[in-house]
Amino acid sequence: MGVQNGITTATYHILTPYPGTALFAGMEQQGRILTRNWDLYDTRHVVYRTRGLTAEELERGYHRAYSEFYSWSNIFRGSFVHDDLKRKIQHLFYTGGWKKFEPLWNFIIKTHGLNRMLPLLESILETKSKRKNVVAPYPR
């Protein structure tokens with residue numbers, strides 16, 4: 001549905017019972033918490049005993065949702081839903097450039113290189129009305 005409507009991004013999350021929440025307390029009381037490895041509490045991993053499907057099935061569904069939404073065919077299909085050429089190009093570059101090259105962007109962010117990329121990102125994401133007083137996410 002999102003691709004047919006030109007939605008640029010989608011995020012998916014696996015239910016994660018964070019410590020200190022009622023959800024965690026309830027699952028802990030039911031004996032459903034599987035791990036206390038807090039690195040896995042990232043909405044990408046199943047950390048509790050599921051009901052109705054296995055943890056592996058849930059994680060496969062999570063990865064399949066991302067893979068399908070961000071497949072090249074869906075990126076192109078979503079891009080061409082837009083009426084004007086500039087918006088089609090923005091959709092293509094943003095969706096394809098961000099998700100298909102995510103490891104590269106993670107590296108750029110971790111090495112504090114994002115500010116050098118800011119002019120490129122702003123030109124890709126720029127809309128017809130230019131924004132004023134844009135604050136960079138990191139000090140320059």
Exercise. Given 10 °C and 1.306 mPa s, how large is the Stokes-Einstein diffusion coefficient of the stretch 8-54 in µm²/s, with Rh as the Kirkwood radius over Cα pairs?
Worked result: 139
For this session: Could you tally up the Lys pairs in the chain with alpha carbons closer than 22 Å? Skip any pair fewer than 8 positions apart unless they're on separate chains.
Result: 11
Exercise. Ignoring ligands, DNA and RNA, how do Met117, Met27 rank by accessible area with a 1.4 Å probe, largest first?
Worked result: Met117, Met27
Exercise. Under the Karplus relation 6.51 cos²θ - 1.76 cosθ + 1.60, θ = phi - 60°, what is the ordered set of whole-Hz ³J(HN,Hα) values for the stretch 31-40, x standing for Gly and Pro?
Worked result: x, 9, 6, 9, 8, 10, 7, 5, 5, 8
Problem set entry | Accessible area in square angstrom per residue, the stretch 1-97, 1.4 angstrom probe | 64
Problem set entry | Nearest-10 value in Å² for the accessible area of Ser71, using the 1.4 Å probe | 30
For this session: Quick one: accessible surface of Ile7, probe radius 1.4 Å, all protein chains present, in square angstrom to the nearest 10.
Result: 80
Exercise. How big is the Cα convex hull of the chain in projection, averaged over all directions, in nm²?
Worked result: 11.6
Problem set entry | Amide H within-cut-off set for Tyr48, under 5 Å, with H built and near neighbours excluded | Leu34
Exercise. Stretch Arg116-Arg32 to full length: gain in nm at 0.36 nm per residue minus the Cα-Cα span?
Worked result: 25.7 nm
Problem set entry | Phe80 accessible area, 1.4 Å probe, all protein chains in place, Å² to nearest 10 | 130
For this session: Could you rank Phe24, Phe76, Phe107 by how accessible they are, 1.4 Å probe, largest area first?
Result: Phe107, Phe76, Phe24
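The values are calculated or read from the model by the stated rules, or taken from the named source; none is laboratory data. Being a predicted model, the structure only gives us computed values, none of them experimental. Areas reflect the complete protein model, heavy atoms only, side chains present, ligands, DNA and RNA absent. Shrake-Rupley method; radii C 1.70, N 1.55, O 1.52, S 1.80 Å.
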